[in-house]
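The values are calculated or read from the model by the stated rules, or taken from the named source; none is laboratory data. Quick caveat, the model's predicted, so the values are computed rather than measured. Here the Cβ is made from the backbone with ideal geometry for all residues, glycine too, and neighbour counts use every protein chain on show. The accessibility values were calculated without ligands, DNA or RNA, using every heavy atom of the protein model including side chains. Shrake-Rupley method; radii C 1.70, N 1.55, O 1.52, S 1.80 Å.
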Amino acid sequence: MTRTSPGPTLGVVGGGQLGRMMGEAAAPLGVELVVADPTPDCPASPVVRDQLVGGFEDEETFRDLAERADVLTFEIELADPDVLERVAEETGTPVHPKPETLRTIQDKLVQKRRLAEAGVPVPEFRAVETVEELREACEELGYPAMLKARTGGYDGRGNVPVAGPEDVEAAIDAVAGPAMVEEMIDFERELAVMGCRGDDERDAFPLTETIHEEEILRESVSPARASETVQERAREVALDVLDVMDGRGVFGIELFETRDGDILLNEIAPRPHNSGHWTIEGCHTSQFEQHVRAVMGLPLGSTEQRFPTVSTNILGDVAERQSAALYGDEAVFATDRAHLHWYGKHEVYDLRKMGHVTLTGERDVEELLTDVRELQDGLTFDE
């Protein structure tokens, strides 16, 4: 790829915080970003060349984006894979990861079936649509179980725990559509691997421990507090997952470590992921630079970790939607090796992801985690 100004252009469907950080990573590589997002002045807009305002199923917007780009990618699973596929064929602009991968990922049941067929270890699951089907599946899998909407869920939305037979009817009503139910895993910890696919190469970032509350990611710890055996097995599973995916890019691979030290796949995101934000300061190549490299056909960068790293999400802590104003960030700037990432969202509401703080250092991750929690405790949107 010849360096020019302006440089080669990457078109991104979605202009949220992932698009924003992708733009920040692409600029030093000489890659221009144009994003398409339905929200005017989206979070990515200040750091990219341009934004097209249009919906995630808007064929005209996708076509305009493709005509301005050398390659298309996406930072949100709401992108319509059929529209992406048609536009790519009509304009000759390639899409990475491939629309078929997005199509597989969007439906949790299709995703699980495809992975299970490939030999990737997954929890036991069943397709369900009715109260009777869910009741029968839970009798086979055992209570408690986790009911999941097949499409559209994120950050725990669309996931409904089924504690016992008395919860079955309410769970089906809550999901309100095609669903799947999984056995509830008694896990030791939740983990994640950011897998990378390039041209005839694949790699994975170091294993990350992810700490959730109410099914929303709160903190990440890397290296994960897991044995070497678990770390090696998690990498093996992640690389096996990459073999199932089609196209280049970074993939967020969420895992469970069971009480017995086994690894089970939870879910996959065909894009950079919240659990990989720590790589910006923690690795020689961030997950965002890696995604840009991969989709543009450049060689992958080093996934080597530079030093122990933890991160914490900055979540909305207000009762009602309001203009976003963060207070208490002075301590972050005053702390050595602490890094604030602000996502540029104009409004805040309860538990909305507004940014994150990363802390690095040549010391134990337990100490880093204690310190980053203190920084987090001092941040608020409630004046």
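Remarks
- Taken over the Cα atoms of segment 289-383, the convex hull encloses 115 Å³ per residue.
- Full extension of the segment from residue 232 to residue 306, taken as 0.36 nm per residue of separation minus the current Cα-Cα distance, would add 24.8 nm.
- In segment 1-74, the portion of solvent-accessible area held by carbon and sulfur atoms comes to 46 percent [1.4 Å probe, whole percent, DNA, RNA and ligands not counted].
- Size descriptors for segment 19-138, from the alpha-carbon set: Rg then Dmax equal 18.0, 56 Å.
- Eligible lysines near residue 353 by straight Cα distance, threshold 19 Å, same-chain separation 8 or greater: 345
- The residue list 300, 18, 250 was ranked by how far each Cα lies along the charge dipole of the chain toward its positive end, using unit charges on Cβ atoms, and 300 comes out on top.
- Charge dipole of segment 108-150 about the Cα centre (unit charges at C-beta), most positive-ward option of 128, 115, 144: 115
- Computed from the alpha carbon atoms alone, the convex hull of segment 99-166 holds 100 Å³ per residue.
- Split the accessible area of segment 180-325 by element, probe 1.4 Å, and carbon with sulfur accounts for 38%.
- Largest to smallest accessible area among 335, 104 [probe 1.4 Å]: 335, 104
- Cβ-defined net charge surrounding residue 146, 9 Å radius [Lys, Arg +1; Asp, Glu -1]: -1
- Put a plus charge on the Cβ of each Lys and Arg, a minus charge on the Cβ of each Asp and Glu, and nothing anywhere else: the dipole of the chain about its Cα centre is then about 1160 debye.
- Sparse-neighbour loop sites [trypsin sites (Lys or Arg not before Pro); segment 1-110; at most 11 other C-beta within 10 Å; DSSP]: 3
- The alpha carbon convex hull volume per residue for segment 1-88 rounds to 80 Å³.
- Excluding same-chain neighbours fewer than eight residues apart, the lysines reachable from residue 148 by a Cα-Cα span under 20 Å are 108, 112.
- Distance between the C-alpha centres of segment 19-37 and segment 325-383: 24 Å, rounded to the whole angstrom.
- Where segment 63-135 is the region considered: accessible area per residue in Å², 1.4 Å probe: 44 Å²
- Overall dimensions of the chain as given by Cα atoms, namely Rg and Dmax in Å: 20.5, 64
- Paramagnetic reach from residue 367 (point 7 Å along Cα→Cβ, amide N under 20 Å) across segment 317-344: 332-339
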